[in-house]
Structures are given as structure tokens and as C-alpha cells.
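Working notes, beginning with the structure itself.
Where a number appears in this text, it was derived from the coordinates with a stated rule and is not lab data. Note that the structure is predicted; figures quoted are calculated from it, not measured. With ideal geometry, Cβ positions are generated from the backbone for all residues, glycine too; neighbour counts draw on all protein chains shown.
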Amino acid sequence: MEILSRQIARWQRQADSGELPDELYEIIAENAAPSHRRILSNLARVSRVVDDDGSIRTYEDFKNDWEYMNTTIGKPETCYLCGQHPILEHCVLIDPESKKEITVGNICVNRFIGISSEDQETLKLTVKSHKADKKKADFAIAFPNALYALRRYEGMMNDKKPLRTLNKTMVRRLTTVGYPGPKTITQWKEFIYTAEKDFQIWVEQKEIEDQEKQKRHHEAKRRDMAFQQEIVKRRNEWRIQAKGWMTDCDILTLNAWERRMVHRVSNRIMNGGLSSLKDGHKSFYDQMRVLFFMQRPNFQCDDPLFQEVTAWLKLDLNEWTRSFCRSIQIRIIQDGSENLSEKQIQVIESTRKRLSSE
Ligand SMILES: [Zn+2]
């Protein structure tokens, strides 16, 4: 400090003319750790190191002259204090009194200028928002139509799992921070490269699918209607068949059991047509048909057994014998007298005996 005081006057003059000797800066930095000395002397070169009263200010004092202005991001620069190159975040500091400005990296600004924690917070936020602005701008330049593309290709993207996720992530990122993360950008580049071509193919396929779907729909509707019409048509036919059956039966003389059977068969025909008759209903129907046939004016049967049984029916027979004779008439007309069973022939013979003896 002896040396300093003796040389103050000279230094003051040199300071005014901007020409202080290097040794002064070295002396100011000499108490600092070796690795920090160059940084301190660099700061001293742009600081107001000679006080108004001619005394030399310490680093701890003059570093407070510097105020943090802002952070810019742009082409790489060099940190004024440590010489680090490149620095991407440029912290601009100003000495409001001398109007001097220096650009410093974000590490040096904290370590050697010691800006307040409040400033640091602002700095961090500023840096962050600058970074985000840059990424947002970069993305907007690279993909100016990203949002439009997301809307245009939404349907296609939603059809495939990985693309659906990409669409969702992109929309979320673009509407919140304004640019996608690095992984998403890679996926987006890959997707957008062939997107329009893929989209044209997808649209064509969709149209074909839609047409086929519509065709299938129309076809099903047409079949359904045809089926309904068929049902209606058949029901009408069955109703006419049942009505015809009832009309035919009206001219027959029937016992109580036969009349009940006529109604049962009529219901059957109404619900399924003549072709649905089977078993007891079917044989009853066939027998009645034979009776209708016999009612015709020009009906004639040359079979001698038939003529014999017909003659018996004109006699006063008991109910059972009358029914038996009728069944024989039917059997002969249906199958011929040679096809009667042995049992039937026995009954016919005993009836003949009984009637001839009466
Ligand atoms: Zn630095």
C-alpha cells in the first residue's frame, strides 16, 4: 500500500486519460486466489478504480458499481471476465456512472459481480424465457403451419396409436409453451415429411370404407324390408289357406271331436301354412281332403269295396261303425283297397256278416 499511495497522483492523471499501468490492476487482484486474479484485473480495467479522493478502491467495493441489465441470447460471444468462449447467455452489465457496458457469462456474473439473489432470480427467469422465446421462434420458422397441420391430419393421426400420442403431445406443447420438446420434434419431422402423401392415401381409404359401409347398410336394410314383406305375404297366404280349409269343412257333417280338430288345424295353417302341418294334424287334413273330394258332384270310385262301404253308410249304423266305414272309404281313395291292413279287413268281414244277417 506504500507504493500505491506514492503513485496515486500519477495514476489519477492516467486514469483520466484512460491509461493506467497494468501493474495497478495486478496489485488490485493480488489478494485473490490465483485462478481468480486475471478475472479481477479484467474487471478492474473497466471499473472506476481511482476514487474521487485519489484512493484506490478495492474489488469488493467497485464490483458493486455494476448493475445487471438483461440477458440476451444470440450468436456466441466471449465472457469479458474469464474469456470463456462461446457463451450463449450474454449477461449485460452496466456501470451507470461511467456508462460502460460489459458482457459476461452467467457463471461469472454470479461469482464475481455477486448480483443480488433477487437479480439472480430475475436473471434465471429472463434466461429461461429467452431460451423459450428462441426455441419458440426457431420452431415457428421451421414449421410455420404446425397447428394447421395438426388440425388437418387429426383424423389420420387418431387412427394410429403412436401418431395419436404425437398429436396430443404436439397440441399440448404448442398451446402451452409454444414449441415441442426435442424428442417430439424428431417425431414431428419424421411424420410431417410424408404426412400429406399419407393423408391423401388415408382420405381415399376412408372414402372407400365409408362407401362400403353405406353399401352394407343399404343391403342390410333392403334384406330386412324384403324379409318383412315376405312375412306379410306369407301370413296373407296362410290366412287364405286357413279360410279355405274352414269353408271346405263347413259342408262336411262332423262329430264334436272332428270339429275341434278342424279348428286346431286351422290355427296351425294360420301360423305356418299348409306345408307346416305334420303328424296328427297332417293326417286329419288329408282325410278331410278325401271327404271334400267325395262331395264333388262328379265324384266316382269304381272300387267294389268302396261302393260296398258307401252303401253301408246309408244304413242306420252306430257311431263307431259309421266312423270306421268313413275311415275305410278314405283309406281306399288314398291308397287303394289292396293296401288295407289285416285288422281292417277282419273288421270289414265281421261287419259284412253282421249287416247281412240283420
Ligand atoms: Zn466468465
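A compact table of results
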| read-out | value |
| --- | --- |
| Amide H within-cut-off set for LEU81, under 5 Å, with H built and near neighbours excluded | GLY105 |
| The chain: angle of helix 279-295 to the longest principal axis, Cα-based, in degrees nearest 10 | 40 |
| Label zone at ILE251, where the point sits 7 Å out along the Cα-to-Cβ direction: segment 313-332 residues whose backbone N lies under 18 Å | 330 |
| In degrees, nearest ten, helix 182-250 long axis to first principal axis of the chain (Cα) | 20 |
| In segment 279-318, the trypsin sites (Lys or Arg not before Pro) that fall in loop regions by DSSP, at most 16 other Cβ within 10 Å | LYS314 |
| Cα-based reach from LYS353 at 29 Å (exclusive), listing lysines while leaving out same-chain residues under 8 positions away | LYS314, LYS343 |
| Cα-based convex hull volume of segment 300-358 per residue, rounded to whole Å³ | 78 |
| Cα gyration tensor shape of segment 143-193, rounded if a/c is under 1.5, else prolate or oblate by comparing a/b with b/c | rounded |
| Length released on extending from ARG259 to ALA142, taking residue separation times 0.36 nm less the Cα-Cα span | 32.7 nm |
| Contour minus Cα-Cα distance for SER357 and THR194 (0.36 nm per residue) | 47.6 nm |
| Label-to-label distance, nm, for residues given as GLN300 and LEU274 (7 Å Cα→Cβ offset) | 2.6 |
| Distant-in-sequence amide H partners of ILE56 (H built 1.01 Å from N, under 5 Å) | ASP51 |
| Cα gyration tensor shape of the chain, rounded if a/c is under 1.5, else prolate or oblate by comparing a/b with b/c | prolate |
| Zone of ASP159's modelled label, taken as backbone nitrogen in segment 187-229 under 14 Å from a point 7 Å along Cα→Cβ | 195-213 |
| Nearest-ten-degree value, helix 2-16 long axis tilted from longest Cα axis of the chain | 70 |
| Set of segment 309-324 residues, backbone N closer than 19 Å to the point 7 Å along the Cα-Cβ line of SER350 | 309, 312-313, 317-324 |
